[in-house]
Amino acid sequence: MEQQLMELGQKVAALEAGSKMSDTINMEIFYWWCTALMITIHAGFLAYEMGASRAKNVLAAGTKNLLAFAFVVPTFFFFGWWIYNAFPSGLTIAEGSEVALPWSSAMGPNLSDNATGVFWAAFALFAATTASIMSGAVIERIRLTAFLILAIVLGSVVWILAAAWGWHPAGWLTTEFGFHDVGAAGCVHLVAGAFTLGVLINLGPRIGKYDPDGTPNAIKAHSVPLTVVGLMLIIVGFFGFLGGCIIYNAGAQWTNIFGQPATLSAFAFNTVMAFAGGIIGGWVKTRDPFWMMSCGLVGIISAASGLDVWYPPLAFVIAVVAGFVAPMIANALERAGIDDAVGAVAVHGAGGAMGVLAVGLFAAGYPNVGDMPPVSLTGQLVGLIVMGALGFIPGYAMSAVMKATGYLRVPRDVEIMGLDLVEVPIEAYPEGMTRPATPVMSPVTTGTPAAVPAE
């Protein structure tokens, strides 16, 4: 009898161990596929930026996008991940952060650690996405190496410091102010949009964008269908991005990044409803397929901070409003002399700000974990200001130094000829879409917006 009981106990222990291992593997698989889906965001950015460029710049735009990903990932390994773990309380180094240093045993194959690699990979894709937000806005005139330096700072330093402060269970914005930003509308989109605005101010508009009196001209994308398809791929990838914003707890309820109970069902309801709402808002305002898709993304961003708590029709309404407002913000920036080629500041910066603010307006009082303060409008405004400043100040300062040294922008003759001719050893369209012998600018003498030729 004792022998049978012993054998039964061993079988129960083996089953429990197998169940725990199964839970661990399921967690790894979940974040593995979230990361894989996030690669789709970069396929979308690639298509969207290449389509938004004129034909003479299409491969240079694609090369810039590919290299941003390639440089941000290793720099995030060497110091970005450590920044997230080191600075949640401000600018003092947190105890235990050495586990995230690149030579730590956790930062490589380790049979006793099934979590660090997949979490790091998901965060590395968040970092690359943040850097790529800037990429489309600056096409056709930024120097490649200057862009890569800015992308590394944005993707592996600035945004992850914002995440440590406001997208971390011990981040001071959460522990002191109850800041709530579940889907990273603030630390990714607002930060990236503000950083991009700072760069654009110093970079200046593309040649031909404005008349001498300041009237803006349309510089037409060489392939609007490619931009629209690229934006849809970004939407697909955002299901991986937002999935990576929820914490898989083996044998227990999901939680958000702050430790509050959450479900993927809530994320599903609100992501899909917000996407639809953003498209409708953009359609009502513009009737433009490019802006309809861009506003679909704005809709998701505007609902992202509260994905875990919104009643789906409220997420839809928030997104409709954001989708209606975003093109207006883009037009205002254009009239102010800011040449944002793809509307990134309006889509991500303003969309992120609206997402953070919406939580303060409609979810104030939502309880926090332990004795941390609940969600409040004050806390959301503090987070909005901190993240806006954290993005704008380094973006503006670094690009101002580059501008002063003549390093930020390509030479005028290179911009007129097209960056592909100088930077890329192959042609994008060798048959039927060749460059003219002499680049031509569209002479505009009236106040009517006119296109600059694709070539």
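Bear in mind these aren't lab numbers, they're just calculated from the coordinates by the rules spelled out. What you are looking at is a predicted structure, and each value in this text was computed from that prediction instead of being measured. Glycine gets a Cβ as well: all are built from the backbone with ideal geometry, and neighbour counts include every protein chain shown.
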Report summary line: Links exceeding 23 Å between C-alpha atoms in this model, out of 64/403; 64/285; 56/285, come to 64/285; 56/285
Query raised in the report: Using 14 Å as the cut-off for backbone N distance, which residues of region 162-180 belong to the label zone defined by a point 7 Å from the Cα of residue 385 along Cα→Cβ?
Result: 177
Query raised in the report: Hey, how many Å between the Cα centroid of region 120-195 and the Cα centroid of region 339-374?
Result: 14
Query raised in the report: When the scattering of the chain is computed by the Debye formula from its Cα atoms alone, each counted once and equally, what is log10 I(q)/I(0) at q = 0.12, 0.13 Å⁻¹?
Result: -0.98, -1.14
Report summary line: Measuring from the longest principal axis of the C-alpha atoms of the chain, the long axis of helix 58-75 (C-alpha) lies at a number of degrees, nearest 10, equal to 30
Query - Residue order, fewest to most surrounding Cβ atoms within 10 angstrom, among 177, 45, 77 - result: 77, 177, 45
**Report entry** Mean Cβ neighbour count within 10 Å, used as a protection proxy, ranking 64-76, 47-59 highest first
**Finding:** 47-59, 64-76
Query raised in the report: Against the longest principal axis of the chain, how steep is helix 191-203, in degrees 0 to 90 to the nearest 10, with axes from Cα atoms?
Result: 20
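Restricting things to Cα coordinates, could you compute the convex hull volume per residue of region 71-157 in Å³? Please list the in-between numbers first.
Working: hull volume 8.7 nm³, N = 87.
Per residue, the Cα convex hull of region 71-157 comes to 100 Å³.
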Query raised in the report: What span do the alpha-carbon atoms of region 77-120 cover on each of the three principal axes, reported in whole Å from largest to smallest?
Result: 32, 17, 17
Query raised in the report: For region 180-338, what is Rg from Cα atoms divided by 2.2 N^0.38 Å, rounded to two decimals?
Result: 1.17
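Counting other beta carbons within 10 Å of each Cβ, put 310, 120, 167 in order, fewest first. List each step's numbers first, then the result.
On the way: 310 26, 120 20, 167 30.
Exposure proxy ranking, most exposed first: 120, 310, 167.
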Report summary line: Ranking 236, 295, 160 by how far each Cα lies towards the positive end of the charge dipole of the chain (+1 on Lys and Arg Cβ, -1 on Asp and Glu Cβ), the top one is 295
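Counting other beta carbons within 10 Å of each residue's own, what order do 396, 31 fall into, fewest first?
Values: 396 18, 31 21.
By the 10 Å Cβ count, ascending, the order reads 396, 31.
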Query - Residue-averaged [θ]222 nm for the chain, counting only DSSP H segments that reach four residues, each worth -39500 (n - 2.57) - result: -19500 deg cm²/dmol
**Report entry** C-alpha long axis of helix 116-137 to longest principal axis of the chain, angle in °
**Finding:** 20
Report task. Work out the length of the dipole vector of region 224-366 about its Cα centre, built from +1 on the beta-carbon of each Lys and Arg and -1 on the beta-carbon of each Asp and Glu, and round it to the nearest 20 debye. Result -> 180
**Report entry** Dipole moment magnitude, nearest 20 debye, the chain about Cα centre, only Lys, Arg, Asp, Glu C-beta charged
**Finding:** 1120
Query raised in the report: Quick one: which of 90-102, 246-258, 227-239 comes out on top by average Cβ neighbours within 10 Å, and what's the full order, highest first?
Result: 227-239, 246-258, 90-102
Report task. Output the Cα-based Rg and Dmax of region 284-379 in Å, rounding Rg to one decimal and Dmax to a whole number. Result -> 14.8, 48
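Based on the mean of other Cβ atoms within 10 Å per residue, sort peptides 294-302, 312-320 so the most packed one is first.
Details: 294-302: 32.6, 312-320: 23.1.
The packing order, highest mean first, is 294-302, 312-320.
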Report task. Report, in whole Å, the centroid distance computed from the Cα atoms of region 312-326 and region 243-260. Result -> 26
